[in-house]
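The values are calculated or read from the model by the stated rules, or taken from the named source; none is laboratory data. Every value quoted in this text rests on a predicted model; they were computed, and no experiment measured them. Glycine gets a Cβ as well: all are built from the backbone with ideal geometry, and neighbour counts include every protein chain shown. In case anyone asks, the SASA skips ligands and DNA or RNA and just uses the protein heavy atoms, side chains included. Shrake-Rupley method; radii C 1.70, N 1.55, O 1.52, S 1.80 Å.
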Amino acid sequence: MTSSSHPLADAITSIEQVSSRIETTFAQVGGQLGQGHTIFQGLNESLSALSGELSCAQIEGASEALQDIARRLNDLAEALPAESALLDRLRGTVIESGGLLKQLAKYVDMIMIVARSAKIESASLDGDRGDFVAFTQEAFDLGKAVQVSIEDCARDQQFLAAAVETAWGRQTEFERRYRPQLGASTNELRSAFTDLERQRNSSIHVADLAGGSARKISDVVGRSIVLLQAGDSTRQRLEHVCEALQRVGDIGPSLVPAMTEARALDQLIVQLGASQLKDAQHEFESGIGEIVQSLSTIISEVSLLIERGRSLHGGKDGDSSFLARVRSTLAQASNLIAMCEDGGRSIDEALSVVEGTLVKFRDAIANLADSIIDITLIGMNASLKAGHLGAKGRAFVVIANEMKVTADHMSGVAVRLEPLLVGIGGAADELRATRSRNEQHELGSMEAEILQALREVEAGNDRLGGLILRLVKEGGEFDRVMNGAMDEMATLGVGVSALPAVAQRLEGAAGDLGTIEIDPSDEAVLDQLYARYTMERERDQHRNVLRRFGIAIKEAAPAAEECDFELF
């Protein structure tokens with residue numbers, strides 16, 4: 001069959017090249033699958049570490065601190081209007097008390113004037129002038145003592161009014177400027193708490209996904225390895241085709257002498273080779289498709305996991321760690337708390353002034369009441385005694401009565417002043433009670449709590465960042481390895497796609513077989529070929545071709561333990 005020698009030689013060369021490429025490619029892809037599986041195990045460990053990091057005690061402590069700090073900031077924000085209202089009430093009462101103190105000072109001045117007039121008038125009296133002088137001197141001394149006390153109270157009231165006014169001004173300004181910020185910071189802290197809880201829950205979900213993906217990818221990798229092993233059966237089929245074709249002509253090592261003319265057996269063997277090639281190529285393409293699909297599944301699964309891992313780090317935006325936003329929110333809360341402390345100092349100073357001033361005011365009013373009684377009695381006694389003097393004592397009686405009337409006015413002002421002092425004390429007590437719920441030591445503990453939460457968040461953020469870098473690096477390596485395997489399979493698919501053309505050339509070389517007659521020696525050769533097969537599928541293909549020409553296989557199939565069953 002000399003005329004077909006070159007086509008057979010070309011066919012054998014092409015088949016051997018494909019066979020060699022299959023062997024090389026499958027070895028490479030198998031190695032890449034193993035490498036990819038190892039990398040995935042590292043990825044899985046990184047995801048587990050991420051999950052563990054977000055579930056650790058430090059992050060849990062930071063989460064609880066966020067919630068507690070948000071609650072306290074909200075209490076501060078809600079307390080500001082009440083504090084401002086109490087300060088305004090206190091301010092109004094202090095101002096009103098100042099007006100009454102001015103009236104008292106006016107009446108005390110009148111007492112002093114009346115006492116001087118009485119002293120002058122007593123000098124013109126005859127007889128008991130000394131008693132009248134003593135009376136007027138006593139009234140003058142009492143008036144002078146009251147005057148000094150009221151002037152002290154007036155100075156204290158001005159100092160108190162200034163302190164309350166300052167506290168009220170700072171408080172209202174602070175409320176206007178920072179209450180919205182306190183509310184916003186509270187909402188941000190609550191949102192950060194919600195995000196942190198969501199991330200912790202997501203970490204558990206990602207850990208579950210990672211576990212499921214680990215099983216899924218392990219299954220896919222295992223199936224891919226089986227498919228690769230099955231692909232080796234195709235390589236064996238190609239070797240069997242080459243061995244059969246080498247029997248036909250003087251090409252390379254041959255099992256039979258070179259032929260000088262075409263024989264039916266040679267044509268039949270070539271036809272068998274062409275049929276086996278077509279079937280092997282069809283089967284192998286399906287296997288390649290499954291392997292590529294498996295590799296694609298693995299890549300998609302790992303990409304999804306990496307993205308979920310990145311979301312654990314980045315939260316909503318994905319660019320920077322959500323813990324960095326928590327840190328920023330905590331820092332803002334810290335600044336607001338410091339401002340609250342500054343704003344609260346003026347209130348505490350005002351309350352301190354109120355406390356000291358009220359003691360003086362109450363003592364002054366108590367002494368004033370006694371002085372008013374004494375002045376009133378002095379005036380009455382002087383008036384009665386002057387009345388016995390007749391016309392000479394009439395002027396003194398008028399002066400004494402004026403002293404009594406002025407003392408009564410002072411008593412009325414003192415009565416009006418007392419509820420104001422009670423009001424000042426009540427407002428101060430309410431303000432103090434409100435302040436006690438947000439004492440400096442509590443704000444200080446909040447600051448310490450925030451600093452501790454910040455330290456825990458910072459440490460967690462650093463660890464998360466390191467884990468994400470590792471995750472992305474390993475993910476990139478996994479992607480490179482798996483895509484390399486897919487490229488190898490795609491290149492192999494192109495090479496295997498050349499087999500149908502080889503089969504077509506073999507069919508052309510075999511020619512028209514027509515009716516075939518073979519002798520026992522030919523049957524022996526066919527039986528030998530049949531015995532070489534290791535897969536049931538190629539034996540079926542062999543039988544189908546011979547059956548078309550009415551040739552039966554007498555050779556028994558190899559025992560199961562002597563052959564490798566096909567895995568496709």
Anything over 26 Å Cα to Cα? Flag those among LYS106/LYS360; LYS119/LYS385; LYS102/LYS385; LYS106/LYS404; LYS216/LYS473, in the order listed. LYS102/LYS385
For the stretch 338-427, the charge dipole (Cβ of Lys, Arg +1; Cβ of Asp, Glu -1; about the Cα centre) points to a positive end, and the Cα of ILE378, MET339, VAL413 closest to that extreme belongs to ILE378
Local electrostatic count at LEU142 - Lys and Arg +1, Asp and Glu -1, tallied over other residues with Cβ under 10 Å: -3
For the stretch 340-354, what does the Karplus curve 6.51 cos²θ - 1.76 cosθ + 1.60, with θ = phi - 60°, yield as ³J(HN,Hα) per residue in whole Hz, taken in order and with x for Gly and Pro? 4, 4, 5, x, x, 5, 5, 5, 5, 5, 4, 5, 5, 5, 4
With just the Cα atoms defining each centre, how far is the stretch 356-391 from the stretch 147-165? Give it in Å. 23 Å
I need the phi-derived Karplus couplings for the stretch 8-21: 6.51 cos²θ - 1.76 cosθ + 1.60, θ = phi - 60°, integer Hz, Gly and Pro marked x. 5, 4, 4, 5, 4, 4, 4, 5, 5, 5, 4, 4, 5, 5
Which ³J(HN,Hα) values, rounded to whole Hz and listed in residue order, are derived for the stretch 224-240 from phi using the Karplus coefficients 6.51, -1.76 and 1.60 in 6.51 cos²θ - 1.76 cosθ + 1.60 with θ = phi - 60°, glycine and proline given as x? 5, 5, 4, 5, 5, 5, 5, x, 5, 5, 5, 4, 5, 4, 5, 4, 5
By how many nm would the segment from GLU285 to SER300 grow when fully extended, if each residue of separation counts as 0.36 nm and the alpha-carbon distance is taken off? 3.2 nm
Would you tell me the accessible area of HIS282, worked out with a 1.4 angstrom probe on the heavy atoms of the protein chains, in Å² to the nearest 10? 120 Å²
What distance in nm separates the two pseudo spin-label positions at LYS360 and ASP75, each 7 Å out from Cα along the beta-carbon direction? 3.5 nm
Give the accessible surface of the stretch 338-434 per residue, rounded to a whole number of Å², with probe radius 1.4 Å and ligands, DNA and RNA excluded. 47 Å²
At 1.4 Å probe size, with no ligands or nucleic acids counted, give the accessible surface of ARG155 in Å², nearest ten. 130 Å²
For VAL422, what accessible area in Å² do you get when you roll a 1.4 Å probe over the heavy atoms of the protein chains, rounding to the nearest 10? 100 Å²
Sorted by chain and then number, the residues having a modelled amide H within less than 5 Å of the amide H of LEU389, at least 5 places away or on another chain, are none
